[in-house]
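Report on the following structure.
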Amino acid sequence: MNILIKSATIIDSKSEFHNTTQDILVENGVITKIAKAIKNPKTYQEITFENLHISQGWFDSSVSFGEPGFEERDTIVNGLKTAAASGFTAVAMNANTHPVIDSNADITFVNSKAANHAVTLLPIGALTNCSKGEDLAELFDMNTAGAVAFYDYKKTISNPNLMKIALQYASNFDGLVCSFPQENKIAGNGVMNEHITSTKLGLKGIPALAEEMQVARDLFLLEYTGGKLHIPTISIAKSVELIREAKKKKLDVTCSVAIHNLYFTDARLTDFNTHFKVLPPLRTQTDVDALIEAVKDGAIDMVTSDHTPLDIEHKKIEFDYAAYGSIGLESAFGALQTIFTTKKTIEVLTKGKLRFGLEQTPINIGNKLNITLFNPDSKYIFSIKNIISKSKNAIFENETLKGKVYGIISNNKVFLNP
């Protein structure tokens, strides 16, 4: 791959060219020159865009694509195309497939489907067999096949001894254990946040206590066992407090938050729109404010789109019976830009790489090129025409977002949006 990128503003705190506008010459996939003006040495492809900015490639720690088993929701190939068009050079894919990804062969299959793509797919293996929460899955075998973490997607490990054993066992090969933050016996049959709105609507609520208890339990177990724990998609202020305290104790814990939990509150559910039925549920403005502050100060380690394609049969039904989840890759950058500065948005979109085994690739001479190209300033109303996913269950539909993704350059491949 030989290309010349013209007049790109570099947003990369790890680069010596941070906050400057430069031309970048790339030969055989490696940056060979960065300067204010570079003449095309041969007939290399030139890349120019209006108000072009570039950063290290973005990473999403929680996406679902459906395949194998739920190809009507989306496929791995189309999911990776969606990720590339949305600016992500790497994504970690959940195990909520059919069959569940819980063996060496399953990880090998996923990797084969994602081979030779501009986007790097990092498979997450199930923590327990078939994600049933009863017996540990083949963690070490999946690790040798390339699994980067172990997680029963959106399913609680109710047995604390099983979680204890998982943390102890995975620590033998530096494995990352993920635990969904919800105590189901407290959550019961709730379908949204338990608060004023749920009372007004007559819907059963999920108390914040359900998350607080599970986070507290898992942190106690981590302190006892050691190991590495990741708590995905926290949604309440109390979880932030608990994780802050755990980090002060030097426990090896990270956490993420879904972008929609930074943007919306449970008040948006007044019209029973099932696009807003997500898990963890949308919470209160107090929680949103605490989560945003935690992203700013680093207590929350990464943000995720929590991209979950669902076919219309699972969404266009009564609220009580609708499935949880929303697509989010296509709207991730634009939504974050309405909450944070561009520099902070880029920081949180690249921050989680090391936790999931990816190297950072600063935009410096001699490094391989792994970048996202974007315009941070354009505003638009997110609509169905912006959706590349096969499923259209978009929580951000009709929202005014900020920022346009031009594409990515990664794995020695160029992917540019039309």
message: Cβ-Cβ distance below 8 Å, separation of 6 or more or different chains: which pairs start in region 69-89 with a residue that is within 17 Å of residue 346 (Cβ to Cβ) and end on one that is among the acidic types (Asp, Glu) and open to solvent by less than 30 Å² (accessible area, probe 1.4 Å)?
response: 83/60; 86/330; 88/60
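Just to be sure, is residue 124 crowded, with 24+ Cβ neighbours inside 10 Å, out of contact with any helix residue (DSSP H, G or I) (no Cβ under 8 Å at 6 or more places or on another chain) and not in a loop (DSSP other than H, G, I, E, B)? If you could, list the steps in order and put the result at the bottom.
On the way: crowded, with 24+ Cβ neighbours inside 10 Å: yes; out of contact with any helix residue (DSSP H, G or I) (no Cβ under 8 Å at 6 or more places or on another chain): yes; not in a loop (DSSP other than H, G, I, E, B): yes.
When the stated conditions are applied, residue 124 passes them.
May I ask you to verify whether residue 139 is in contact with a Phe, Trp or Tyr (Cβ under 6 Å, 6 or more places away or on another chain) and either aromatic (Phe, Trp, Tyr) or farther than 19 Å from residue 255 by Cα (or both)? Spell out the reasoning first.
Details: in contact with a Phe, Trp or Tyr (Cβ under 6 Å, 6 or more places away or on another chain): yes; either aromatic (Phe, Trp, Tyr) or farther than 19 Å from residue 255 by Cα (or both): yes.
The answer is yes for residue 139.
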query: From the list 140, 88, which one is closer than 30 Å to residue 386 by Cα, of a type in the set (Phe, Trp, Tyr), out of contact with any Pro (no Cβ under 7 Å at 6 or more places or on another chain) and at pLDDT 95 or above?
result: 88
task: Please go through region 165-189 and pick out each residue that is more than 20 Å from residue 239 (Cα to Cα) and either of a type outside the set (A, V, I, L, M) or out of contact with any helix residue (DSSP H, G or I) (no Cβ under 8 Å at 6 or more places or on another chain) (or both).
output: 165, 168, 169, 171, 172, 173, 174, 175, 189
query: What are the residue pairs meeting all of these: first residue in region 342-355, first residue in a loop (DSSP other than H, G, I, E, B), second residue crowded, with 21+ Cβ neighbours inside 10 Å, Cβ atoms under 6 Å, and 6 or more apart or on different chains?
result: 351/302; 352/59; 352/61; 352/302; 353/59
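Search region 2-55 for residues being touching a residue at least 12 places away in the same chain (Cβ under 8 Å), outside any strand (DSSP E or B) and on the phi > 0 side of the Ramachandran plot, and hand back the single one that is surrounded by the most Cβ atoms within 10 Å (Cβ to Cβ). Show your work before the answer.
Residues of region 2-55 touching a residue at least 12 places away in the same chain (Cβ under 8 Å): 2-17, 21-38, 40-42, 44-55.
Okay, now just the ones that are also outside any strand (DSSP E or B), so 2, 11-17, 28-29, 36-38, 40-42, 44, 48-52.
Subsequent filtering for residues that are on the phi > 0 side of the Ramachandran plot retains 28-29, 51.
On the way: 28: 9, 29: 17, 51: 14.
This residue is 29.
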- prompt: (1) touching a residue at least 12 places away in the same chain (Cβ under 8 Å); (2) part of a helix (DSSP H, G or I); (3) more than 22 Å from the chain's Cα centre (by Cα): which one isn't true of residue 161, the others all being true?
  reply: (1)
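The values are calculated or read from the model by the stated rules, or taken from the named source; none is laboratory data. None of these values were measured; they are calculated from a predicted model. Neighbour counts are summed over all protein chains in view; Cβ atoms, including those assigned to glycine, are modelled from backbone coordinates with ideal geometry. Quick note on the areas: whole protein, heavy atoms, side chains included, nothing else; ligands and nucleic acids left out. Shrake-Rupley method; radii C 1.70, N 1.55, O 1.52, S 1.80 Å.
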